[in-house]
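Note sheet for the following structure.
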Amino acid sequence: MGMGAETRKLIAKRAAEEIEFGMMVNLGIGIPTLVADYIPDSLGVMLHTENGILGMGGSPERGHEDGNLSNAGGYPVSIIKGASFFDSAEAFGMVRRGHLDITILGALEVSGKGDIANWIVPGKRVPGMGGAIDLAQKAKKVIVLMSHTTKDGKPKILTTCSLPLTVKEGANMIITERAVLKIESGGLKLIEIMPGYTVEDVLNSTEAEIEIELVRRN
C-alpha cells in the first residue's frame, strides 16, 4: 500500500524547511509538487518548471484552475507576482548553467553514496527520462523525497542501486516518512527521525550503512 495523503504532506512540509530566502527551486513530479504549498510567501522563492515557468505558486483553489497553467507533470498551478514564461529550451538552459539552488525530486532507489535511480523499471513502459538527469547533476543541492521501503517492505535506500542510474552521487539529502538523512563525504548520516518511528525502525529498513548523527528527534 502506498503512502497516505497526510504522510506525503508531512514529507513535503519537511522538505520546504530546506528552502531559504530568494532561492530558485525546481520541484519534480509526485510528492515534490506538494512542497510548493509549504513555502512562505515572505521567502521570495522563485519556483522553476521545465515546461517554462519561473515563479510558480502553490495549487490553485478548486474551481480556480487555469488550463494554461500547469507544472511539468501537467497538474494545475498558480503563479506569483513577477512570474515569467519561456520555452523548454530556455528552462533547461537555466538548469544546465547551474542557476538552480535546489532541486527536489522523487526516486525509485538511492544508494548510500547518493546515486539516484528514478526514471525506469526495466520491462515497464515509460515516456522517457525527462529532466531528472540535468536537474540532479546541475542543481547546487539535490533533495530526494520518497517512501523508505517498497510496497513489499524492501529497502529503497541501498548499498548499490539495482535499477538503471539517473545520476551518480547526485543526492545531498533524502527525506522519507521515517527519517531525514544527509549524504556527506560519500556516506549516509541519519539526522532526524520522523514521527512514529525509531532509530531501530530506520536501521532495520535501510540496506546502506548509516552513521547516526541526530540533530532532531520527533
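Which of the lysines could a cross-linker bridge to LYS189, judged by Cα under 17 Å and excluding same-chain residues fewer than eight apart?
Qualifying lysines at Cα under 17 Å: LYS113, LYS141, LYS156.
Ignoring ligands, DNA and RNA, please state the percent of accessible area on the stretch 123-218 from carbon and sulfur, probe 1.4 Å.
So the carbon and sulfur contribution to the accessible surface is 45 percent.
Grab the Cα-Cα distance for MET129 and GLU17, subtract it from 0.36 nm times how many residues apart they are, and report the gain in nm with one decimal.
37.5 nm is the gain from fully extending MET129 to GLU17.
Normalised by the residues of the chain, what does the relative contact order come to in percent, with Cα pairs under 8 Å and at least six apart?
17 percent
Can you bin the stretch 97-218 into rounded, prolate or oblate? Criterion: square roots of the alpha carbon gyration tensor eigenvalues sorted a ≥ b ≥ c, rounded for a/c under 1.5, prolate for a/b above b/c, oblate for the rest.
The shape class here is oblate.
Using a Förster radius of 25 Å, what is the FRET efficiency between VAL215 and ARG62 based on their Cβ-Cβ separation? Nearest 0.05, please.
The pair VAL215/ARG62 has a calculated efficiency of 0.05.
Build a GNM of the chain with springs between Cα atoms under 10 Å: which of GLU200, GLU50, GLU177 gets the top mean-square fluctuation?
Result: GLU200 has the largest fluctuation of those listed.
If you work out semi-axes √(5λ) of the Cα gyration tensor in Å from the coordinates, which of [x] 39, 19, 15; [y] 28, 19, 17; [z] 35, 21, 14 do you get?
Only one option fits the structure, namely [y].
What is the magnitude of the charge dipole of the chain about its Cα centre, with +1 placed on the Cβ of each Lys and Arg, -1 on the Cβ of each Asp and Glu, and no other charges, expressed in debye to the nearest 20?
Approximately 240 debye in magnitude.
Add -39500 (n - 2.57) for each DSSP H run of 4 or more in the chain, then divide by its residues: what number comes out at 222 nm, to the nearest 500 deg cm²/dmol?
-4500 deg cm²/dmol
Normalised by the number of residues in the stretch 144-218, what is the relative contact order in percent for Cα pairs under 8 Å and 6+ residues apart?
It comes to 31 percent, rounded to a whole number.
How big is the gap, in Å, between the Cα center of the stretch 1-53 and the Cα center of the stretch 138-182?
17 Å
In degrees between 0 and 90, to the nearest 10, how far off the longest principal axis of the chain does helix 5-16 point, with axes built from Cα atoms?
Approximately 80 degrees, to the nearest ten.
In debye to the nearest 20, how big a dipole does the stretch 83-129 give about its Cα centre with +1 on each Lys and Arg Cβ and -1 on each Asp and Glu Cβ?
Using only the charged Cβ atoms, the result is roughly 180 debye.
Going through the cross-link list LYS140/LYS168; LYS13/LYS151; LYS9/LYS151, which pairs have a Cα-Cα distance over 21 Å in this structure?
LYS13/LYS151
If r is the Cβ-Cβ distance from TYR197 to SER70 and R0 is 35 Å, what FRET efficiency results, to the nearest 0.05?
E between TYR197 and SER70, to the nearest 0.05, is 0.50.
Which one of PRO122, ILE31, PHE21 is farthest out on the positive end of the charge dipole of the chain, using unit charges on Cβ (Lys, Arg +1; Asp, Glu -1) and the Cα centre as origin?
Of PRO122, ILE31, PHE21, it is PRO122.
The values are calculated or read from the model by the stated rules, or taken from the named source; none is laboratory data. As the structure is a prediction and not an experimental result, all values here were calculated from the model. Using ideal geometry, Cβ is built from the backbone for each residue, glycine included, and neighbour counts are taken over all protein chains shown. Protein only, heavy atoms only, side chains kept; ligands, DNA and RNA dropped before computing areas. Shrake-Rupley method; radii C 1.70, N 1.55, O 1.52, S 1.80 Å.
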